[in-house]
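Quick notes on the structure that follows.
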Amino acid sequence: MQAFNFHIPTKIIFGKGKIDLLKSELSDDIKSILIVTDKNLHLKTNIVEDIKFQLSDLGVFIYDEIEENPSMKTVDSGAQFAIKNKIDLILGIGGGSSMDAAKGIALLANNDGCIQDYLNGKKPNKPTLPLVCIPTTSGTGSEVTPFAVFTDKKDESKKGYSHPFIFPMLSIIDPELTYSMPKNVRINTGLDVLAHAVEAYLSLESNELNDQIALESIGLVVDHLLKAVEMKKSSIQAMAYSSVLAGIAITHASTILPHVMGYPLTVFHQIPHGRASILTLDAFMNFLDNDAKTHKKIEILQSIFKKVNGLRGFLNSLNVSSKLRNYGVKESEIELFVEKTMGKGDIAITPGKINKTVVKNLYKDSI
């Protein structure tokens, strides 16, 4: 058996109604809190105001400027807001965009520079401000990872950042907070869970323990995503759990090629991140079926998907097209997408011999 390390410093509180424990989990020296979220969640649900009420004896500020695929400018501005108001703790509430932005804001509020500096390799001198994450979607797993992704609007690309400092100290996963998700968001974030789990399972950095966590997550998505979309509450809870599992899996094995192939699809065609991440996965698994080192894992994945008529059949059951052309992607764009993909670090831990020709053919096979 291979040797491995397995560590996650985030305290996880999971269960219905567990959001009520938030105040009791905070130390007495926390006096001012910045809630990082998006306007849609803030203005169209009661979630943010209910949490603010729970913390009413503290100074609570709200930064609700987070957009889908948060820009570096938004993160920099949020950090300046936190510094100006002498914030003690950052509370990220929402989907992956809000939690990723909260990580960046917590980092910059306690370290000098802008987020671009850290994406360029600058090392933080101090830990982030204390960071708590509360997901309201079941998708990114950001609540348990040391990863965040930001959008560089100048060069039209998404850029990932990873550092142990941006692990949340606490995450409360209360499935009841995900009940308000619109159907399309529930589908897209659920597909992100599936992409995370499958990619972590196939990653060259995975290990036996991590494989089991990833497989459990995959099985839960296959069994419960469609039922969760139909608002079956036990399946919504199962999806919240599967998201945490997938987040833990990518913490230890990261994402691989299909995820970074999805980045240009989001940047240039506004395909939601989770959906973009899954659209080349079927072609990628077919490619790996011929790789001796991963053939057995591909067989296991195919056996899981067999009961839902394969990955494409699963997507069809969700009314999700698996063809890039149906999202406006043209073959003439593939060369640009390949260039945007090849520089990403995830390729180094992707099985198979990955080069430009392989990536180009995977996009073509997905058209």
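The values are calculated or read from the model by the stated rules, or taken from the named source; none is laboratory data. Values in this document were obtained by computation on a predicted structure and should not be read as measured data. So basically every Cβ, Gly included, is an ideal-geometry build from the backbone, and we count neighbours across all protein chains shown. For accessibility, only protein heavy atoms count, side chains too; no ligands or nucleic acids. Shrake-Rupley method; radii C 1.70, N 1.55, O 1.52, S 1.80 Å.
Here is how the numbers come out for the structure above:
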{"item": "Largest-first principal axis extents of the Cα set of region 55-109 (Å)", "result": "32, 20, 16"}
{"item": "At most 14 other Cβ within 10 Å, DSSP loop - trypsin sites (Lys or Arg not before Pro), region 141-174", "result": "153, 154"}
{"item": "Assigned charges on the beta-carbon of Lys, Arg, Asp, Glu; region 16-82 dipole about Cα centre (debye)", "result": "140"}
{"item": "Average accessible surface area per residue within the chain, 1.4 Å rolling probe, Å²", "result": "42"}
{"item": "Fraction of the pair-distance distribution of region 1-60 above 17 Å, Cα-Cα pairs, percent", "result": "56"}
{"item": "GNM flexibility winner over the chain from 149, 320, 260 (Cα, springs under 10 Å)", "result": "320"}
{"item": "Local electrostatic count at residue 13 - Lys and Arg +1, Asp and Glu -1, tallied over other residues with Cβ under 12 Å", "result": "-1"}
{"item": "Total charge dipole magnitude, the chain, about the Cα centre, Cβ charges on Lys, Arg, Asp, Glu only, Debye to nearest 20", "result": "600"}
{"item": "For the chain, calculated [θ]222 nm from helices alone, where every DSSP H run of n ≥ 4 adds -39500 (n - 2.57)", "result": "-15000 deg cm²/dmol"}
{"item": "All aspartates and glutamates inside 19 Å of residue 86 as judged from Cα atoms, apart from same-chain residues fewer than 8 positions distant", "result": "28, 29, 57, 64, 65, 76, 112"}
{"item": "Hydrodynamic radius (Kirkwood) for the chain, which is based on Cα pairs only, to one decimal in Å", "result": "20.6"}
{"item": "Farthest positive-ward along region 168-327 dipole, Cα basis, beta-carbon charges - from 197, 261, 172", "result": "261"}
{"item": "Among 131, 22, 194, residue whose mean-square fluctuation peaks in a GNM of the chain (springs only between Cα atoms under 10 Å)", "result": "22"}
{"item": "On Cα atoms only, tilt of 356-366 relative to the major axis of the chain in degrees", "result": "90"}
{"item": "Around residue 138: net Lys/Arg minus Asp/Glu count, Cβ-Cβ under 10 Å", "result": "0"}
{"item": "Helix axis angle, 183-202 relative to the chain longest principal axis, alpha carbon, degrees", "result": "70"}
{"item": "Counted charge near residue 273, where neighbours are those whose Cβ lies closer than 12 Å (Asp, Glu -1; Lys, Arg +1)", "result": "-1"}
{"item": "Top of 58, 41, 91 by mean-square fluctuation, Gaussian network on the chain, Cα under 10 Å", "result": "58"}
{"item": "Measure of compaction for region 1-127 (Cα Rg per 2.2 N^0.38 Å)", "result": "1.14"}
{"item": "Nonlocal amide H pairs with residue 10, under 5 Å, H built at 1.01 Å", "result": "none"}
{"item": "Portion, in percent, of the accessible area of the chain that falls on carbon or sulfur, probe 1.4 Å", "result": "51"}
{"item": "Overall form of region 214-288 per C-alpha gyration tensor (a/c, 1.5; a/b vs b/c)", "result": "prolate"}
{"item": "Helix 96-108 axis, angle to the chain major axis (alpha carbon atoms, nearest 10°)", "result": "50"}
{"item": "Equivalent ellipsoid, region 247-337 (semi-axes from 5 times Cα gyration tensor eigenvalues, Å)", "result": "23, 17, 14"}
{"item": "Dipole magnitude (debye, nearest 20) for region 90-197, charges at Cβ of Lys, Arg, Asp, Glu", "result": "180"}
{"item": "Relative contact order [Cα under 8 Å, 6+ residues apart], region 276-367, whole percent", "result": "39"}
